[in-house]
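Scroll down for the structure; my scribbles are underneath it.
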Amino acid sequence: MPIINYPAVIAEVTACCEAYELALVANDVAALEFFFWDSPLAIRFGTSEQLYGARAISAFRQNRVINFHNRRVLRFDLLALGSDTAVAMLEYEVEVAAGTRQGRQTQVWFRFPGIGWRITSAHVSLPLAIADPAFTQALASAKALGLEIAPDHRAGTLTNLARNAAITAPLLAFPLPDEIEPAPIFTP
Amino acid sequence: MTFDPVNSSALEIAAAVRERRTSARAVTEKLLARIEATQGRINAFTAITSGRALTEADTIDATVARGRDPGPLAGAPYAVKNIFDLAGVVTVAGSKINRDNPPATSDATAVSRLQAAGAVCLGALNMGEYAYDFTNENCHDGAVHNPRDLTRSAGGSSGGSAAAVAAGLVAVALGTDTNGSIRVPSSFSGIWGLKPTYGRLSRAGCFPFVASLDHIGPFARSVADLAAAYDVMQGPDPRDAACTLRPPNLAMSELNRDLAGVRIAVLGGYFENVGEPAVHAAVSNVAAALGASRRVELPAVECARAAAYVITAAEAGQLHLERLKTRAADFDPPIRDRLLAGALTPAASYLQAQRFRTWWRGQVQTIFQNVDVLLAPATPLTAPKLGQQSFLFAGREIPLRPNIGIFTQPITFLGLPVVAAPVQTAGALPAAVQLIGAPWSESILLRVARALEQAGVCTAPVASLAL
């Protein structure tokens, strides 16, 4: 039996991940709880929360209002390590108020004897640029102009926004007399 | 001995055509062949208008044969940045998106005026996409290679224009300058460039970029050619709202007047605190040749540069907003991201910049009461390698593209006229010095340029290309 990516393990955990994804899109809290290891040692890091233990994870899920109906998996990778452990890694995209948001999700699955496959540890994160609150604000401004900034274009846009802000800072701080009007171009 | 159009100026070619020492057709055919032979290495052209060129040349030759005046630029070969309309050619403005537009139905005003003066148009030239660029590494058309070192940038956004002149493919080229897009390529490619006063030359028939700051102007290898091209393009034009109603101020007749009474100073502070030693050595050489020992400082230059930056971002971002919504993936990536950020410029930043422009004009007007010409480097470095991302600046490594324009942006911001005067150094890359004047003082700047050319301090020979 190969130690890495044994086909039977891949098949079993892939099925679990697909079921988990359906539960997430449906926000089926009972199903989501079922897949997590019921132990104080289970840990889940979300995009903005750190949850230690199955109880904290459950409490978070019960109180969360989400709409993942348009969540889309962009890429799924599974690494099986031996017969009882697998690491699932995926990139996803979801529509939120500020527009399309991309994220990454990593889960460690373990096969418990007599119980089956459960998630022991998980981490969800947003790409650095998109996690920046300034960017969320920029996306909202863009939306007001009817401008949808594609995921691939966001990091570059954020870099330029930051550069513009840094270059403009001394200009904005420059004290101008009130009677100074904008330079005219229009000649009626 | 056969006439050599490659190393001749536009005016020398015009004289030879008028005196029948050569024909406009012979000149045109020779340069079309040279363009074909070098295009693979330099990539200056995006459209070669052979048919138009030969027709124009034959018209000139026929006019000469009839004993009529073919114009001051008879048979002089030129080409234009592909942001200018050429009838029958799609004005792509360096973009992929504009390729879907129909061909222009008429020439840009500047092109019509050069044609009326007898010049022959050989084609349209490579540029940075939508002119929002300083290195001309165009992802659709490929980078322009600097004829003085093919591994380096010719400058941008009018990179094809500068390269075509430096390589001896044309005698004169037209470019545009919003933040430095004539002066930066002049500096990197080692040729003369003129960015006239804002509103002096009509922009009609040019694809816009930043209405508040857009200028057009010529490149050449001689000051007389620069003056000749500038003179024939002057004059009001109702098609450009910013184009002045002032009568033309012809530079050619003044060109050889001496410089008695012309007060010249070096710009200090902001303009000499940073940059490579080579660009400051170029300023020192020019200052020494002109006997300019005075130093002048402008107030709050970094704010002027910032204001030019924000006006550019805001106006260009808004101009392209619809294309950003529908065709974002078709832009050159770094330019798209600049435009996306520009589209989100706060109104307060933009208006502060336009108000600052009014304030700063008053400050600079006062300075010009006591001086006529200010000297400053055109670029903080000589031509960078193609693909280069950063350079050493004030002892720190900083991103290249956003900082190439630090010396040119504050000047275009006020619409001041500038001649970019190229200083060549044996075994090193060229660097241009900005000769900056008060508004509407182009003829004084061209006189100073002519003096520098005659003294051998500023020259623009054809680059030696192994053909």
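Each value in this text was obtained by applying a stated rule to the coordinates, not by laboratory testing. None of the values given here were measured: they were computed from a predicted structure. Cβ sites come from the backbone with ideal geometry, for glycine too, and all protein chains shown count toward neighbours.
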* How big is the protein assembly as shown by the Kirkwood estimate over distinct Cα pairs, in Å? -> 27.3 Å
* For an R0 of 45 angstrom, estimate the FRET efficiency from the Cβ-Cβ distance between B:Leu259 and A:Gln102 and round to the nearest 0.05. => 0.10
* Asked: Quick one: B:Ser23, B:Ser153, fewest Cβ neighbours within 10 Å first, how do they rank?
  -> B:Ser23, B:Ser153
* Structure fact -> In nanometres, the difference between 0.36 nm per residue of separation and the alpha-carbon distance of A:Asp84 and A:Glu148 is 18.7 nm
* Asked: Counting Lys and Arg as +1 and Asp and Glu as -1, each charge on the Cβ, what is the dipole of chain A about the Cα centre in debye, to the nearest 20?
  -> 420 debye
* Sequence neighbours fewer than 8 away in the same chain don't count; with that in mind, list the lysines whose C-alpha is under 30 Å from B:Lys195. => B:Lys30, B:Lys81, B:Lys96, B:Lys385
* To do: Using just the helices of chain B, give the 222 nm mean residue ellipticity in deg cm²/dmol: DSSP H runs with n ≥ 4 each add -39,500 (n - 2.57), and the total is spread over all residues, rounded to 500.
  => -11000 deg cm²/dmol
* **the protein assembly as shown - charge dipole about Cα centre, Lys and Arg +1 at Cβ, Asp and Glu -1, debye rounded to 20** => 580 debye
* Fewest-first ranking of B:Val462, B:Val448, using other Cβ atoms within 10 Å as the exposure measure -> B:Val462, B:Val448
* Asked: By how many nm would the segment from B:Arg327 to B:Ala62 lengthen if fully extended, with 0.36 nm per residue of separation less the alpha-carbon distance?
  -> 90.6 nm
* Structure fact -> Listed by chain and number, the residues whose amide H is under 5 Å from that of B:Leu213, excluding neighbours fewer than 5 places away on the same chain and using placed H, are none
* **B:Val419, B:Val6 arranged by Cβ crowding within 10 Å, fewest neighbours leading** => B:Val6, B:Val419
* Local electrostatic count, A:Leu74, Cβ distance below 9 Å [Lys/Arg +1, Asp/Glu -1] -> 0
* Asked: Under a plain spin-label model, where a point goes 7 Å from the Cα along Cα-to-Cβ, how far apart in nm are B:Leu392 and A:Arg75?
  -> 3.8 nm
* With a point put 7 Å past each Cα toward its Cβ, work out how far B:Ala241 is from A:Asp28 in nm, to one decimal. => 6.1 nm
* To do: For region B:10-454, state the average projected area of the convex hull of the C-alpha atoms over all orientations, rounded to one decimal in nm².
  => 19.9 nm²
* Label points 7 Å out from Cα along the Cβ direction at A:Asn5 and A:Val94: separation in nm? -> 2.9 nm
* **Cα-Cα P(r), region A:7-126, percent of pairs per 10 Å interval** => 13, 47, 34, 6, 0
* Asked: Once amide H atoms are built 1.01 Å from N in the peptide plane, which residues 5 or more positions from A:Ala42, or in another chain, come under 5 Å H to H?
  -> A:Gly53, A:Ala54
